[in-house]
1. Would you please name the residue that is nearest to ligand 2 (Cβ to nearest atom), looking only at residues in segment 145-189 that are more than 29 Å from VAL220 (Cβ to Cβ) and aromatic (Phe, Trp, Tyr)?
2. Could you figure out which of (1) modelled with pLDDT under 95; (2) buried (at least 23 other Cβ atoms within 10 Å of the Cβ) isn't true of HIS234?
3. Could you grab me the full set of residues in segment 131-170 that are open to solvent by less than 20 Å² (accessible area, probe 1.4 Å) and closer than 24 Å to SER84 by Cβ?
4. Might you check whether a residue that is more than 29 Å from ARG69 (Cβ to Cβ) and either among the aromatic types (Phe, Trp, Tyr) or under 17 Å from the mean Cα position of the chain (by Cα) (or both) occurs anywhere in segment 105-123?
5. Just to check your reading of the model, which residue among ALA113, ALA124 is open to solvent by 70 Å² or more (accessible area, probe 1.4 Å) and either among the small types (Gly, Ala, Ser) or in contact with a Phe, Trp or Tyr (Cβ under 8 Å, 6 or more places away or on another chain) (or both)?
6. Could you tell me whether VAL276 is touching a Pro at 6+ places or on another chain (Cβ under 6 Å), more than 16 Å from ligand 2 (Cβ to nearest atom) and open to solvent by less than 50 Å² (accessible area, probe 1.4 Å)?
Amino acid sequence: MLVTGLEILSKARREGYGVGAFNTNNMEITQAILQAAEAKRSPVIIALSEGAMRYGGKELTTMVHESARDARVPVAVHLDHGSSYESVLRALYAGFTSVMIDKSGEDFEVNVAESKRAAEAAHAVGASIEAELGRLAGIEEHVAVDEKDALLTNPREAEIFVQKTGVDFLAVAVGTSHGPYKGKGKPFIDHERIREIAALLGEDYPLVLHGASGVPQELVQRFRAAGGEIGDAHGIAPEDVQKAITEGVAKINTDTDLRLAFAVRVREVLKDDPKVFDPRKVLGPAREEMQRVVEARLELFGSSGKA
Ligand code: G3H
Ligand code: 13P
Ligand code: ZN
């Protein structure tokens, strides 16, 4: 069933588990996400970036909405990193139940004004809205305090930002970053900062962790073994994600792990069977691999059995 993001995330905060927001770009990814959520009896958020919508067009958004409506678990259809008010309006018009306005690259006052405007539009049609404050940059533990403060979300600013904008959930910069390279070596997560932000916003307020993929080393090795090239790829440690959930994080974004699972399995199938050319024999195994990744994430977040 199709529900709003806030409905899913409020329940998650009250009951102390996290909800996965997984990015989709095509039919196989959408099926992998929804089949995993149904198999695990878990609520889920399906995220479409502006790039996903350009790639998949109306066919993709229509299919995602239909599938979400038919699902036997609560599903929110969410715009990821909406870059403008117009982009948010387009998503709302297309029936998204959750949107993100991302003006985190702008000055605080511009971010406030733009996020407030987008929040008013989302709320006018009963959808939920996320905004972002701070810079998503992978950092190391020994980075100086003032350098961390310059990049990461300032707790006091977060409180003012939410009061002024009325956004329903807030993406915070606490050391995670997008993609398979999250800074040098093991990424450092500023747990104290998450706790400080949560204390000011209230314990029920849902925080969002972007760039939260785990980049499983097993997948990285298989990717290399199948001829792929990937540098020093590292993700967020499972224990950091679980700790962040106990501290106030409700929505955990994952895209890179799905991309990796997809690419690993496609490479393996084509390498192992030089005769294969039926798309279903290539994409079917990739879909199964992605479903396994989503199921493992849902277990990690504690959302399985909660739908
Ligand atoms: O945070 C960004 C997501 O991974 C989506 O990436 O804009 O390449 O679709 P994309
Ligand atoms: P990853 O690149 O770590 O999967 O993060 C995805 C994300 O934050 C999408 O908004
Ligand atoms: Zn993101």
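1. Among those residues, the one meeting the criterion is PHE169.
2. (2)
3. Within segment 131-170, ALA131, GLU132, LEU133, GLY134, THR153, ALA158, PHE161, THR165, VAL167, PHE169, LEU170 qualify.
4. yes
5. Working: ALA113 fails: open to solvent by 70 Å² or more (accessible area, probe 1.4 Å).
Testing whether each residue is open to solvent by 70 Å² or more (accessible area, probe 1.4 Å) and either among the small types (Gly, Ala, Ser) or in contact with a Phe, Trp or Tyr (Cβ under 8 Å, 6 or more places away or on another chain) (or both) leaves just ALA124.
6. Values: touching a Pro at 6+ places or on another chain (Cβ under 6 Å): no; more than 16 Å from ligand 2 (Cβ to nearest atom): yes; open to solvent by less than 50 Å² (accessible area, probe 1.4 Å): yes.
For VAL276, the condition - touching a Pro at 6+ places or on another chain (Cβ under 6 Å), more than 16 Å from ligand 2 (Cβ to nearest atom) and open to solvent by less than 50 Å² (accessible area, probe 1.4 Å) - is not met.
Conditions tested, residue by residue: (1) assigned to a loop (DSSP other than H, G, I, E, B); (2) touching a residue at least 24 places away in the same chain (Cβ under 8 Å).
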site: VAL276; (1), (2): yes, no
site: VAL294; (1), (2): no, yes
site: GLU299; (1), (2): no, yes
site: SER304; (1), (2): yes, yes
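The values are calculated or read from the model by the stated rules, or taken from the named source; none is laboratory data. Given the structure is predicted, the values throughout are model-derived calculations rather than measurements. Note that we place each Cβ from the backbone using ideal geometry, even for glycine, and neighbour counts take in every protein chain shown. Accessible surface is based on the protein model in full, side chains and every heavy atom, while ligands, DNA and RNA are left aside. Shrake-Rupley method; radii C 1.70, N 1.55, O 1.52, S 1.80 Å.
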